[in-house]
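Everything on this sheet refers to the single structure shown next.
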Amino acid sequence: MQTTQVYAVNRDVADCLQTRTEEIAAPPAGHVRVRVEAAGVSYGDLLFQRGVVPGGPKPPFVPGCDLTGVVESVGAGVTGLAPGQRVTALVASGGYTTAVNLPAERVVPVPDGVDPVHAAAVSLNYFIAYQMLHRVARVRSGQRILVHGASGGVGLAFLQLAEHIGGVTVFGTASAANLDVVRRHGAVAIDYRDQDFANVVRGSVDAGGELNAWTAYDKNGTVDAAFDPIGGAHFWRSYSVLRRGGRLVAYGQNDALRDGKPNMFIGAVGFLGGIVAPKLRPDGRRTGFYNAWSLEKSQPSAYREDLTEVLNLLSADKIAPRSVRTVPLREAERVFADLERGVTGKIVFDCTE
Ligand SMILES: NC(=O)c1ccc[n+]([C@@H]2O[C@H](COP(=O)([O-])OP(=O)(O)OC[C@H]3O[C@@H](n4cnc5c(N)ncnc54)[C@H](OP(=O)(O)O)[C@@H]3O)[C@@H](O)[C@H]2O)c1
């Protein structure tokens, strides 16, 4: 059998992806072969290809951190999975493919009736938001949190999952065109281009006239947790609005890629100034960088439990990604150009064409 994969072959802006068709072996012991139906696209895929994520894969590699498909065959010793079962998996790389062999323990069954495109649209974004909310920051009802990029794929996942907790006051940053989406999910919407989010959180200015109607504000307010994918000096600013005992969860470095150019200096400023330096201050506030694999060693059961929970929430209509768009896998190069310009909503590759 053959598999078609999209490789990132260099760090360039154009002509950076190449489609290759190769033979795929029968699944070895303990593995299953998945015929991929849908694979999620994340801004992080572009950051990996450009080489702005320290420790990221080197070309040539197959981008894509999640895939959903159907088990086609199982290797020796695999129990509990049979051909025909729809599954989802998070992968460090390799999602942009039509077929792949994966260790059986990495694949998680998709509940009956769940569309594979929807499963692919939530698996990475909602999984990481779920882990950061519940396992890293342990957000509870009555707390206040700050979510940057709140109308984006991961940002919206935070808003929906926080609504599900209930009683959480959320401050969400977005650009002007997306503030309504943030408000619709019950968050205080902050225009990151026009307003200083720290002032809004502290209650010293209002959020577009909304402050008076919002009773949960405190003068000199702080947050229990801030979730920041922006990077650079932005990490420090998020840290500055934490309460004593609060936590900055950094999980991206968007600003390290500006106008198509990687800026490793911004990445270093974010890491040293926003993550490391605050740890030297005895102020009771904590900082750390999260990625989807952060908890694998300390909490080995978390991967399956949390991905299963996200798929169950999807099946129960308790979460829903915003404007999902499917694109054939062979059009990956065009999708990378779109990511560069900024996309609204979630793109999922159709890997069946
Ligand atoms: N650590 C991990 O394991 C992991 C896994 C997946 C993704 N990520 C990271 O998560 C981040 C978000 O990914 P995504 O797929 O959700 O991207 P996305 O859908 O493109 O959303 C990013 C959002 O950020 C907003 N934004 C840009 N600059 C901003 C600023 N200065 N302040 C506030 N918001 C700003 C944009 O809002 P507007 O459109 O309104 O301008 C956009 O909606 C990326 O950095 C990605 O690398 C990390």
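The values are calculated or read from the model by the stated rules, or taken from the named source; none is laboratory data. None of the values given here were measured: they were computed from a predicted structure. We place every Cβ from the backbone using ideal geometry, glycine too, and count neighbours over all the protein chains shown. Note: areas computed on protein heavy atoms with side chains; ligands, DNA, RNA excluded. Shrake-Rupley method; radii C 1.70, N 1.55, O 1.52, S 1.80 Å.
Rounded to the nearest 5, the antiparallel percentage of DSSP beta bridges internal to the stretch 140-289 is 10%. Fully extending the segment from ALA316 to ARG140 would add 61.2 nm, taking 0.36 nm per residue of separation and subtracting the current Cα-Cα distance. Residue-wise HN-Hα couplings along the stretch 116-132, as the Karplus relation 6.51 cos²θ - 1.76 cosθ + 1.60 with θ = phi - 60° gives them from phi, are x, 5, 5, 4, 5, 5, 9, 4, 6, 4, 7, 4, 5, 5, 4, 5, 5 Hz; Gly and Pro carry x. Peptides 165-172, 269-276 ranked from most to least packed give 165-172, 269-276, packing being the mean of other C-beta atoms within 10 angstrom over each peptide's residues. Over the chain, dividing the summed -39,500 (n - 2.57) contributions of all DSSP H runs of at least 4 residues by the number of residues returns a 222 nm mean residue ellipticity of -7000 deg cm²/dmol. With every protein chain in place and a 1.4 angstrom probe, the accessible-area ranking of LYS58, LYS318, LYS261, largest first, reads LYS58, LYS261, LYS318. Only Cα pairs within less than 10 Å get springs; with that Gaussian network setup on the chain, which residue of VAL34, VAL249, VAL139 has the largest fluctuation? Answer for the Gaussian network model of the chain: VAL139. Per-residue packing, averaged as other Cβ atoms within 10 Å, sorts the ranges 13-21, 335-343 into the order 335-343, 13-21, beginning with the highest.
Which of rounded, prolate, oblate describes the chain, given a ≥ b ≥ c as roots of the alpha-carbon gyration tensor eigenvalues and a/c under 1.5 marking rounded, otherwise prolate only if a/b is larger than b/c? The shape class here is prolate.
Using the Cβ of SER151 as centre and a radius below 12 Å, the other residues enclosed give a net charge of +2, where K and R count +1 and D and E count -1.
In this Cβ point-charge picture (+1 for Lys and Arg, -1 for Asp and Glu), the stretch 140-289 has a dipole of about 580 debye about its Cα centre.
Applying 0.36 nm per residue to the separation of ALA76 and GLN2 and subtracting their alpha-carbon distance, the gain on full extension is 24.6 nm.
What percent antiparallel are the DSSP beta bridges of the chain, to the nearest 5? Of those bridges, close to 55 percent are antiparallel.
For the chain, modelled as a GNM whose springs connect Cα atoms under 10 angstrom apart, the maximal fluctuation among ALA198, ALA187, ALA316 occurs at ALA316.
A simple count of charges around LYS346, restricted to other residues whose Cβ falls under 14 Å of its Cβ and scoring Lys, Arg +1 and Asp, Glu -1, yields -3. Peptides 68-77, 153-162, 118-127 ranked from most to least packed, by the mean per-residue count of other Cβ atoms within 10 Å: 118-127, 153-162, 68-77. In order along the stretch 148-163, the Karplus-derived 3J(HN,Hα) couplings, from 6.51 cos²θ - 1.76 cosθ + 1.60 at θ = phi - 60°, round to 8, x, 5, 9, x, x, 6, x, 5, 4, 4, 4, 5, 6, 5, 4 Hz, and Gly and Pro are given as x.
Distant-in-sequence amide contacts of LEU248, defined by a placed amide H-H separation under 5 Å and a gap of 5 or more residues or a different chain, comprise ALA226, ARG286, THR287, GLY288. A simple rule links phi to the HN-Hα coupling: the Karplus curve 6.51 cos²θ - 1.76 cosθ + 1.60 with θ = phi - 60°, which for the stretch 182-192 gives 5, 5, 4, 9, x, 9, 7, 8, 10, 6, 6 Hz, with x for Gly and Pro.
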